[in-house]
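One structure is given below, encoded as structure tokens.
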2 protein chains.
Amino acid sequence: MKDFIIIGHKAVTAPFSLNDLPGAAGRMDILCRCVNAALFLSHGMRRDVRVYLVLKGEPAPPKLVRFEGNEVRYLSPDERSAASLIRKALEKSAQEFWVESTPGVSIRKGDFGDVLSELNKRVIYLREDGEDIRGKEFEDPLFVLGDHLGMTEEEEKLIETYEHEIAGVGPLSLHADHCVVLLHNEMDRKEYLKRSTYSEPDDNSGYRTQAPA
Amino acid sequence: MKDFIIIGHKAVTAPFSLNDLPGAAGRMDILCRCVNAALFLSHGMRRDVRVYLVLKGEPAPPKLVRFEGNEVRYLSPDERSAASLIRKALEKSAQEFWVESTPGVSIRKGDFGDVLSELNKRVIYLREDGEDIRGKEFEDPLFVLGDHLGMTEEEEKLIETYEHEIAGVGPLSLHADHCVVLLHNEMDRKEYLKRSTYSEPDDNSGYRTQAPA
């Protein structure tokens, strides 16, 4: 399973208007684009991906919203569609455990530390100055990305309590969703190479049976 | 200059509601995400990029909308923001020449063939089965991408009247905006390497002065 955690430092924790995601909803647009980048292929969904959004904005922080690629329904690639499912999740009374709001989307009370502890995996923390992802292999990875505000000192300290590495996607500082696209591409290439070496080509996995020419 | 042309086969050619970009506006959401992917860095704009959108939907096709990275204003990363500037452009009476609707955004009557002829550059056509972009260098490139419907036979024939190549971004079929992110990353890496070899490190270009560790 490929897990992504994205922290929305201002993302609101009550139902919001779909017409002002960047403003009134606290840069909810960033989180919505990360959901898109993590889950969508051109004609399908990445079923081996889970996305955890950490909502830290008013009025009732912190809350966690989870999208599961193998279960999710009613999700289209546009920002407003992801936002609408997040809003539906926020309409639920959040508990200390996961409650499903729509198929494949769940919500709970909880902070960044709670989801780290629940997943209890080695952390790959994406940061501008991190070690280049090119050529790296990621087995059952957990990627952690900040929003436009990056990551707080407290959040970095939390990461340091886990086995972790700091990774970067290239020479320029990019939006979180663009980083997610680059991470997937690196993993897609590695998986494609493995498949072409070890398995039958026509396994309906969505991978092309011809190598990129 | 890095030019991108994205063809919206159903994208409407009259002002539309910002609340239904995928439906009533004819998958305008795809074009908006491409504008984002082409122009945005984490804390700034890619000034050396122009994006041309070919709108081929009803009621008055075809129209061209251009975003110029070195001029554009009032553009935020969210889909609705790009959509709102496209809508403002569609409120103008389109002519046979470019008319600026807001700073850095212009509109004209015209089709895919018109923008190809205006730019008159070698074409890099992004297609699922294209030759891998990794390791390629792109000098003053013109990238052409289709929307969810890909490219028509007629459009492919137009491309073939220019010097061109067919390029691909990896083993899976991806959304156009994800392809744009991958193209930029490849070019960013090449430019970074050139700069670290040939020029002073602190030139305020936004490139990090330290190599990715």
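Any read-out appearing in this document is the output of simple, stated calculations on the displayed coordinates, not a laboratory observation. These numbers were taken from a predicted model, which means no experiment stands behind them. A quick note on method: Cβ atoms are made from the backbone with ideal geometry, for glycine too, and the neighbour counts reach across all protein chains shown.
With the cut-off at 19 Å, tell me which of the pairs B:56/B:109; A:109/A:157; A:2/A:157; B:109/B:157; A:88/B:10 have Cα atoms farther apart than that. Listed pairs above 19 Å: A:109/A:157; A:2/A:157; B:109/B:157; A:88/B:10. The loop-placed chymotrypsin sites (Phe, Trp or Tyr not before Pro) in segment A:68-163, going by DSSP, that have at most 12 neighbouring Cβ atoms within 10 Å of their Cβ come out as A:74, A:97. In nanometres and ascending order, the distances from the residue A:98 label point to those of the other copies are 5.0 (point 7 Å from Cα along Cα→Cβ).
Between the helical axis of B:79-91 and the longest alpha-carbon principal axis of chain B there is an angle of about 50 degrees. For residue A:15, the label point sits 7 Å beyond Cα toward Cβ; its separations from the matching points on the remaining copies run 3.0 nm, from shortest to longest. Between the alpha-carbon centres of segment B:106-160 and segment B:1-31 there is a gap of 17 Å. Taking the fewest neighbouring Cβ atoms within 10 Å as the starting point, the ordered list for A:99, A:115 is A:99, A:115.
Summing Lys and Arg as +1 and Asp and Glu as -1 over all other residues whose Cβ lies under 10 Å from the Cβ of residue B:35 gives a net charge of -1. Would you mind estimating how fast segment A:58-179 diffuses translationally, via Stokes-Einstein at 20 °C and 1.002 mPa s with the Kirkwood radius over Cα pairs, in µm²/s? Here the translational diffusion coefficient equals 134 µm²/s. In chain B, the longest principal axis of the Cα atoms and the axis of helix B:28-39 are about 30 degrees apart. Other residues within the sphere of radius under 10 Å centred on the Cβ of residue A:136, judged by their own Cβ, net out at -3 (K and R +1, D and E -1). Under 12 Å of direct C-alpha separation, and excluding same-chain neighbours fewer than eight residues apart, residue A:190 reaches these aspartates and glutamates: A:137, A:139. With loop membership from DSSP and a limit of 16 other Cβ atoms within 10 Å, the longest segment of chain A without GluC sites (Glu not before Pro) is A:1-70. What is segment A:1-128 by shape, rounded, prolate or oblate, if you read a ≥ b ≥ c off the alpha carbon gyration tensor as root eigenvalues and call it rounded for a/c under 1.5, prolate for a/b larger than b/c, and oblate otherwise? Rounded is the answer for segment A:1-128, as its axis ratio a/c remains below 1.5. If only the Cβ of Lys and Arg carry +1 and only the Cβ of Asp and Glu carry -1, the dipole of chain A around its Cα centre is close to 640 debye.
Please report B:159, A:86 as a ranked list, fewest other C-beta atoms within 10 angstrom at the top and most at the bottom.
With the sparsest Cβ surroundings first, the list reads B:159, A:86.
Determine by what factor the alpha-carbon radius of gyration of the protein assembly as shown differs from 2.2 N^0.38 Å, reporting the quotient.
Details: Rg = 21.1 Å, N = 426, 2.2 N^0.38 = 22.0 Å.
My calculation over the Cα atoms of the protein assembly as shown gives 0.96.
For residue A:101, the shell of other residues with beta-carbons less than 13 Å away shows a net charge of +3, using +1 for Lys and Arg and -1 for Asp and Glu.
Roughly how crowded by other chains is peptide B:163-175, in terms of the mean Cβ count from those chains within 10 Å of each of its Cβ atoms? If you can, show how the numbers build up before the last one.
Numbers: counts 0, 0, 0, 1, 2, 3, 5, 9, 17, 15, 6, 8, 8.
Across the residues of B:163-175, the mean count of other-chain Cβ atoms within 10 Å is 6.
For residue A:120, inter-copy separations between label points set 7 Å beyond Cα along the Cβ vector come to 6.7 nm, shortest first.
Note on the protein assembly as shown: antiparallel DSSP beta bridges, both residues inside, total approximately 45 percent of the bridges counted.
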